[in-house]
Amino acid sequence: MSDWNTKIIEEFRADGGAAGAQFAGAPLLLLHTAGARSGQRRVSPVMCQKAGGGYAVFASRAGAPVSPGWYHSLLAHPQVTAETGTGTAELAARAAGGDERERIWAAQRAACPGFAD
């Protein structure tokens, strides 16, 4: 795990689900996944929004043209844990599509305009 992620994860846990710097006030969760090939457990801080009975997370990789590794892990092993700062939830991940994806993305752009850049 990068030092960047380590710092965010430590802040998140120390502050009950909040992180500082560029993530101050942003909706985050810690996504626990199993590596697509290795099965190794990993934790990734991700932007999120509540959606239905779970959460939508965004595989943006800070605007890079490729998805982050955790996205590929979700496709291979959809059983995940979401650490929300107030607790954890065991969830089954899936990729949103069609109208659902568009509704989630429109809400994210409205809530975090810089995120869409």
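The values are calculated or read from the model by the stated rules, or taken from the named source; none is laboratory data. The shown structure was predicted, so the numbers you read here are calculated from the model rather than taken from an experiment. All Cβ positions, glycine included, derive from the backbone under ideal geometry; neighbour counts span all protein chains shown. Heads up: the accessible areas ignore ligands, DNA and RNA and are worked out on the full protein's heavy atoms, side chains in. Shrake-Rupley method; radii C 1.70, N 1.55, O 1.52, S 1.80 Å.
For the stretch 6-46, enumerate the residues that are hydrophobic (A, V, I, L, M, F, W, C) and either open to solvent by 40 Å² or more (accessible area, probe 1.4 Å) or within 22 Å of Ile104 (Cα to Cα) (or both). Passing the criteria: Ala14, Ala18, Ala21, Phe23, Ala24, Ala26, Leu28, Leu29, Leu30, Leu31, Ala36, Val46. Of all residues in the stretch 50-61, none satisfies the criterion of being open to solvent by less than 30 Å² (accessible area, probe 1.4 Å) and among the charged types (D, E, K, R).
Filtering the stretch 1-55 down to residues that are part of a loop (DSSP other than H, G, I, E, B) and of a type in the set (A, V, I, L, M), which residue is nearest to Thr88 (Cα to Cα)? Can you show your working first?
If we filter the stretch 1-55 for residues that are part of a loop (DSSP other than H, G, I, E, B), which is where we start, we get 1-2, 15-20, 24-27, 35-40, 52-53.
Filter once more, keeping what is of a type in the set (A, V, I, L, M): 1, 18-19, 24, 26, 36.
Details: Met1: 21, Ala18: 15, Ala19: 17, Ala24: 21, Ala26: 18, Ala36: 22 Å.
Step by step, filter the stretch 1-55, then rank; the result is Ala18.
Among the residues of the stretch 93-112, the ones that are within 28 Å of Ala36 (Cα to Cα), without any contact (Cβ under 8 Å) to a residue 12 or more places away in the chain and exposed (fewer than 12 other Cβ atoms within 10 Å of the Cβ) come to 4 in all.
The set of residues from the stretch 62-85 being open to solvent by 30 Å² or more (accessible area, probe 1.4 Å), within 17 Å of Arg37 (Cβ to Cβ), part of a loop (DSSP other than H, G, I, E, B) and touching a residue at least 12 places away in the same chain (Cβ under 8 Å) comprises His77, Pro78.
Being assigned to a loop (DSSP other than H, G, I, E, B), more than 13 Å from the chain's Cα centre (by Cα) and not hydrophobic (A, V, I, L, M, F, W, C) is the filter here; which residues of the stretch 86-103 pass it? Can you show your working first?
Keep residues of the stretch 86-103 that are assigned to a loop (DSSP other than H, G, I, E, B), which gives 86-87, 93-97.
Now restrict to residues that are more than 13 Å from the chain's Cα centre (by Cα): 86-87, 96-97.
Listed by number, the residues that qualify are Thr86, Gly87, Gly97.
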